[in-house]
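Reading through the structure tokens given below for one structure.
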Amino acid sequence: MRSRPLFALPLLLAVLLPQCRTTPEPEAAPESATDTTRVLRQRIVQLEKERSFGDGFLQEAATSRDARVRRAAAMALGRIQDARAIDTLLPLLEDPDPGVVEQTAWALRQLQGLDDSQRHAVQSALTLRLELEPQSRFWLFLDALGPHADAAAVEPIGKWVAAGLLAGMGSEAREPLLEGTAALALAQIENARSIKVMRAMGPTLTNRDAPAAWRIAEAMTMQPDSSFLPPLLSLSEHTHPYARAAGARALEKYADAAAVPALLRLLADLDWEVRAAALRALGAIGDAEARSYCLAMCEDAHPLVRESALGALESIGIGARDEIVRQALGDSVAAVRLAALRALAAQPDADARAAFERLRGDPVDFVRGDVLASAHAALGAESATALLLQALASDSVRERSQAAQALAALGEELPRAQRDTVRAALESALHDPDFVVATLAAEALGELEMHESVGALVDAYGRWQRSHHDVDVRLAVVPAVAALASKEPRQETLRFFSTASSDPDVRVVHEAERALAHLRSEPEPPPPAPRARETPTVPDTLPEIDLDRVLVRLITTRGEATIELDGDDYPRTVGNFLRLVDGGFYDDGVFHRVVPAFVVQGGCPRGDGWGDAGTFLPCEYGNLRYDREGIVGMAHAGKDTGGSQFFITHLPVPRLDGRYTAFGRVVEGMEVVDRIVRGDAFRLERVTPEATP
């Protein structure tokens, strides 16, 4: 699709953009309006990738006769996120096509860097839509209003909320999506009046429909207030698991001992996500009253609940009954075994040495590496340091990287007698053939305040310039040098930061400019304007895809699930994903990260979260929201750095909206996704049309 030539753009504009007056030559005309629209949309996608307005092309496209082109232009402007798009987007709020209006509201939500006058203009325009649009569409404008709202917006948002509440309407008469979206918008306004309006939602929270209840709970997490605690506690009695889980997650943030009785009741919940969320909250509170309950949950049927229970005990303490935790060291799930060791090692009076040595011989590679994080707690500083130095010279990349991290975590506990040996070992690790080991070694030298290592770090910056992964090392070196040179900056150090300010990667540039400003006692500079990174983006020639419905099958050790991809709104993300699927990239995949009641994540060829497919992928934010379980999103290490790693949500997570590209959803087999644990193998294959029911 991308290989088709973008012929005669002025000609195409003349067909669909009313500003263009040129009459096209008959022989050059596209075969149909559909073909013309497709080519224009391809050009829009290309400009979106380049984060460019195309010398006015996007602004022109926003006035096209074709609603599909106007909608695509609005989406591109939202993804570029440049405040200068405001003059183009605001008129589109009055577009006759509802799809264009919806896309424009979303695009306005995405804009960043607005000044006060621009924020006021957006707020006024969106507030006006609340007066003109039918109630069923209110949520679009409330959602867009939230990031740009100030105290003046509380009144129009609160007006609708108050109208519903004061009229005494029952939950069946409410618009739950609208109520929930209003709460999320209010939570982004740091104002006593917004809290007052949100407080009015509380007394009947448990009676609200799930779409409102879990969003209001999320809003009460975003702007915590002690008056929100009673309604959040009441969510433990809600009929929907989304609402109960959201209440538990909010109570984790509040960490108030008054929540313990409600959370203990949730440990008997039929939904594993709710039990896991309740255990995480109990761990955050750390009340010893919950200890016996958490110990009992170590034998739950669901492995992610067992892992969460052990995580809670790490904070609460296991007490005298450590046999249950020691029994978990033999659990069939590797992540549970690691959680058991962490729980034992966190107790000052527990003998964790035997448990540590047992897992050092574990048959699973990531267990043998990750166990090193517990070396200090299990063995003591001196013995741990000696062991970590040995691991830093291991043949295993995972062990070397984990050893560097664990040495950094020693901090002031690093034995003075071993300090020079550790410094020499970490400086040597800057030459490690693996970029992750070198990156973590650079971070460790900075965190351990090895001032003598500035020269070695500067040398490492110059050496790690060969491949796109090398930027991770440079990203670690620059702040490490800044931390070590902050007291007595030398001329050679200042020259180093000046050199780093010209790095091909914009993130390194920002770190270097921050360091220079700090050393010169100047205000921290704003992030520099985006420019091309040294890592290549995905190829412009992407595979042909069915823009209506694209299915892939996720085949795991736990069973199979089907994922539907939205290739129409997320063509580059879906096209790249299918390119990797068809090329066999995911044939030996592994889920390297699983956070109970949050996400499962895979697609790293290294299996440790540091790897990618060798290219960066521009983010394609859109209207697909993280408002249910099973949403598939693209993981990244900063905007426009996605590539091959993806995640699938266990529950609604609205805080991910506009931050991570959501490009698909699980349409069959969510129960399989719920059973996935860290280390599970998977592969992906495209579902052919004839195989689709």
Over region 232-272 - Rg/Rh using Cα atoms and the Kirkwood inverse-distance radius: 0.91
For region 65-121, what is the relative contact order in percent, using Cα pairs closer than 8 Å and at least 6 residues apart in sequence? 44 percent
Label-to-label distance, nm, for residues given as residue 320 and residue 117 (7 Å Cα→Cβ offset): 7.4 nm
Residue 486 versus residue 133, label points 7 Å from Cα toward the beta carbon: distance in nm? 4.5 nm
Can you give the helix-only mean residue ellipticity at 222 nm for the chain, where every DSSP H stretch with n ≥ 4 adds -39500 (n - 2.57) and the sum goes over all residues, rounded to the nearest 500 deg cm²/dmol? -15500 deg cm²/dmol
Quick note, region 69-157: a/c under 1.5 would make it rounded; otherwise a/b > b/c is prolate and the rest oblate (a ≥ b ≥ c, C-alpha gyration tensor); here it is oblate
Please find the FRET efficiency linking residue 465 to residue 365, where r is the Cβ-Cβ separation and R0 is fixed at 41 Å, and quote it to the nearest 0.05. 0.85
Going residue by residue through region 245-260, the Karplus relation 6.51 cos²θ - 1.76 cosθ + 1.60 with θ = phi - 60° gives ³J(HN,Hα) values, rounded to whole Hz and with x marking Gly or Pro, of 5, 5, x, 5, 5, 5, 5, 4, 5, 6, 6, 9, 4, 5, 7, 4
In Å², and per residue, what accessible area does region 313-442 have when probed at 1.4 Å with the other protein chains present? 42 Å²
Once the Cα gyration tensor of region 366-426 is diagonalised, semi-axes √(5λ) in Å: 17, 13, 8
Can you classify region 290-370 as rounded, prolate or oblate using the Cα gyration tensor, where a ≥ b ≥ c are the square roots of its eigenvalues, rounded means a/c under 1.5, and otherwise it's prolate if a/b beats b/c and oblate if not? oblate
Above 17 Å lies some portion of the pair distances; for region 174-281, what is it as a whole percent of all C-alpha pairs? 45 percent
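I'd like to check one number: the per residue accessible area of region 581-686, probe 1.4 Å, reported in Å² as a whole number.
For region 581-686, the solvent-accessible area averages 31 Å² per residue.
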As computed over region 588-672, the Cα convex hull volume per residue (Å³): 93 Å³
Averaging over every viewing direction, what projected area does the convex hull of the Cα atoms of region 579-627 cover, in nm²? 4.7 nm²
If you average 1/r over every pair of different alpha-carbon atoms in the chain and take one over that average, what Kirkwood value in Å do you get? 27.7 Å
Give me the number: length gained by fully extending residue 296 to residue 396, i.e. 0.36 nm times residue separation minus the C-alpha to C-alpha distance, one decimal in nm. 32.4 nm
Taking θ as phi - 60°, what are the ³J(HN,Hα) couplings along region 213-227 by the Karplus curve (6.51, -1.76, 1.60), each to the nearest whole Hz, with x for Gly and Pro? 4, 6, 5, 5, 4, 4, 4, 5, 7, 5, 10, x, 8, 4, 6
Per residue accessible area of region 236-309, 1.4 Å probe, in Å²: 37 Å²
With x for Gly and Pro, the residue-by-residue ³J(HN,Hα) of region 447-456, computed from phi through the Karplus equation 6.51 cos²θ - 1.76 cosθ + 1.60 at θ = phi - 60° and given in whole Hz, is 5, 8, 6, 7, 4, 5, 9, 4, x, 5
Given contacts defined as C-alpha pairs under 8 Å and at least six residues apart, what's the relative contact order of the chain, whole-number percent? 7 percent
Please list, in chain and number order, the residues 5+ apart from residue 599 or on another chain whose amide H is under 5 Å from its amide H, with Hs placed from the backbone. 650
With R₀ set to 35 angstrom, the calculated FRET efficiency between the beta-carbons of residue 226 and residue 521, to the nearest 0.05, is 0.30
Given a 1.4 Å probe and every protein chain left where it sits, what share in percent of the accessible area of the chain is carbon and sulfur? 49 percent
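Apply the Kirkwood formula to region 349-455: the hydrodynamic radius equals the inverse of the mean of 1/r over all pairs of different alpha-carbon atoms; give it in Å with one decimal. Let's see the in-between values first.
Values: mean 1/r = 0.0729 Å⁻¹.
The answer is 13.7 Å.
The values are calculated or read from the model by the stated rules, or taken from the named source; none is laboratory data. Model, not experiment: these values are computed from the prediction. Please note: Cβ atoms are built from the backbone with ideal geometry, for glycine as well, and neighbour counts cover all protein chains shown. Just so you know, the surface numbers come from the protein's heavy atoms only, side chains and all, with ligands and any DNA or RNA stripped out. Shrake-Rupley method; radii C 1.70, N 1.55, O 1.52, S 1.80 Å.
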